[in-house]
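So the structure is just underneath, and the comments pick up after that.
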Amino acid sequence: MTTMKVGSKAGAFYLEGQTWRCMTELVSDIVIEVGEMSFHLHKFPLLNRSGVLQKMISEFHIEEGNSCVLQLHEIPGGAKAFELVAKFCYDVKIELNALNVVCLRCAAEYLRMTEDYAEGNLIAQTENFLNEVFSNWKDSIKALESCEGVLSYAEELHIVSRCINSLAAKAYADSGLFGWPMAGQTARKNTSGNGLWNGIGSGEMPRSDWWYEDVSFLSLPVFKRLIQAMEEKGMKSEDIAGCLTFYARRFLPGLSKKSSIGTPCVTPRASVSAPSELDQRFFLEEIVDLLPSRKGVCSTKFLLSMLRTAMILHASASCKENLEKRIGAQLDEASLEDLLIPNLGYSVETLYDIDCMQRILDHFMLAEHSAEVAPDVNLKLPKFHSLAAVIPEYARPLDDGIYRAIDIYLKSHPWLTESEREQLCRLMNCQKLSLEACTHAAQNERLPLRVVVQVLFFEQLRLRTSIASWFFVSDNMENSRGPHGNPMQQKKNNDGAAQTEIAQEQNEEDGPVDDMKLRVLELEKECLNMKQEIEKLGKPKSSWNIFTRKCGLQ
């Protein structure tokens, strides 16, 4: 740890219980109270260094028989910081280090110890040493940790932001490019057994995660700012995600299946009491917001552990939805064991949370059916084909989504050959297109002719099946009106008004059937037109005859 010596005299202070006294021949003429501690000092050394103490002493009215007593309960760093300030004023030797320089810098600012009162005053001394601290990783970490005790003062003096920027720059700099650890960096041994790297026999190889443990001891607000600063510097999403994973596992015992919710997972370096459920919930929601949005940078196993913990801690709906979407985007990487999320809801009809699993699957289907990449003119056909084929056919209830993606791709790539378009269209099953998609495909000039014929064929089969069902229903209704029907109804049929009413009902029932027949006629006309087009292209007539016989057009 970097240190700096200030002052030239030997120690002249001693402690008696809660009282600090200066060992000089002169009797102390001022008492400064800081918390429970009392400092019996002399006015002159203090007047020459601090503008605040100078003003307080001049404004103090000493009553007869009483000494000057001042109170500095609000000084940053408390009694420990003022002890160093007092020694500095007496030119007694003190040692500045990364753990005390922040508090001392804030105390110097609070007491207005500027160059106006003495050359080389405490503000200048601490500022010079802070610059040395910021050049070292370990010292910067310790200084940032010490900022939390005087946070408002450290923020006002921009010490926190300077620490964070220094750390972000050092973490972003890839020390692996140089083959040796950075100053203050915890190096990890090369496990390959080979002590040489690029001709340098260091025996150690720095890794990209060398800084994870160091920053994991920061409080959440400071850690959050550090992560955001690293993202602004251009830190890789994988490294950000790795650090967040390390940090989350340290503070969220629920991420481990073997841990109980009340047992904190901390290393021996810090003595931390078990966090409350409320604190853990807030912590988890903040970590989820910090996770990089890029797919794949966080392992699916970790995301599922976070989701399971979020359910245990009753995290917000938006937090759980965020995790479900992330998991759905990379569900293919999950294992069956990790997907078994216990049912923690009010209903215990099922052992596992089936509704949650359904939502994750829905996100997976939506993510894989997305056509956002299709308009990219630089997207090669094999790449698009592999992306579109990720979801197997059995997992697609409808092929409308993949049809839209194919159509957009064909529109953006008009130079594809007929064989390439046919190869692409094999990704979809024409039998699994909705009526709207079939109607669009039947008129789509971008599709190969063979595909259009298939679409029309399967659409006609559906229509013929529907017509057959209508006829079946109609025959049953006719039989119910026959001579063996209701005698009272037969009597009504003798009246003219009743006969007219029955005719109207019959017309209303026959309406949908007539519409079906018209649609079939239209399809037959379209098929005949296509027959003529195929004959113009030189297609064998025998193949068309087979097709028309299957369709029932001959």
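Details
- For the stretch 217-234, a residue qualifies if it is surrounded by 16 or more Cβ atoms within 10 Å (Cβ to Cβ) and in contact with a Phe, Trp or Tyr (Cβ under 8 Å, 6 or more places away or on another chain), and the qualifying residues are F223, M230.
- Residue list for the stretch 41-72, restricted to those being open to solvent by less than 90 Å² (accessible area, probe 1.4 Å), in contact with an Asp or Glu (Cβ under 9 Å, 6 or more places away or on another chain), more than 16 Å from N121 (Cβ to Cβ) and not small (G, A, S): L41, H42, K43, C68, V69, L70, L72
- Matching residues in the stretch 20-36 - criterion: being open to solvent by 30 Å² or more (accessible area, probe 1.4 Å) and not hydroxyl-bearing (S, T, Y): W20, R21, M23, E25, L26, V27, D29, E33, G35, E36
- Output for the stretch 102-128, where each listed residue is touching a residue at least 40 places away in the same chain (Cβ under 8 Å), surrounded by 22 or more Cβ atoms within 10 Å (Cβ to Cβ) and of a type in the set (A, V, I, L, M, F, W, C): V102, C103, C106, L111, M113, L122
Per-residue answers, yes or no, for (1) more than 21 Å from M37 (Cα to Cα); (2) not in a helix (DSSP H, G or I):
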| position | (1), (2) |
| --- | --- |
| I57 | no, no |
| H61 | yes, yes |
| E74 | no, yes |
| E95 | yes, yes |
| C103 | no, no |
| A108 | no, no |
| E115 | yes, yes |
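- Exclusive hit being in contact with a Cys (Cβ under 6 Å, 6 or more places away or on another chain) and farther than 21 Å from Y153 by Cα, set P76, P45: P45
- The helices (runs of 4 or more DSSP H) located wholly in the stretch 414-519 that include 2 or more residues which are open to solvent by less than 90 Å² (accessible area, probe 1.4 Å) and at pLDDT below 70 occupy 449-480, 487-492.
- Residue pairs whose Cβ atoms lie under 8 Å apart, sitting 6 or more positions apart in sequence or on different chains, and linking a residue in the stretch 24-46 that is more than 28 Å from E119 (Cβ to Cβ) and modelled with pLDDT of 90 or more to a partner that is of a type in the set (F, W, Y) and open to solvent by 20 Å² or more (accessible area, probe 1.4 Å), are M37/W20; S38/W20.
The values are calculated or read from the model by the stated rules, or taken from the named source; none is laboratory data. This structure is a prediction, so every number in the text was calculated from the model and none was measured. In this analysis, Cβ positions are derived from the backbone assuming ideal geometry, glycine residues included, and neighbour counts consider all displayed protein chains. Areas reflect the complete protein model, heavy atoms only, side chains present, ligands, DNA and RNA absent. Shrake-Rupley method; radii C 1.70, N 1.55, O 1.52, S 1.80 Å.
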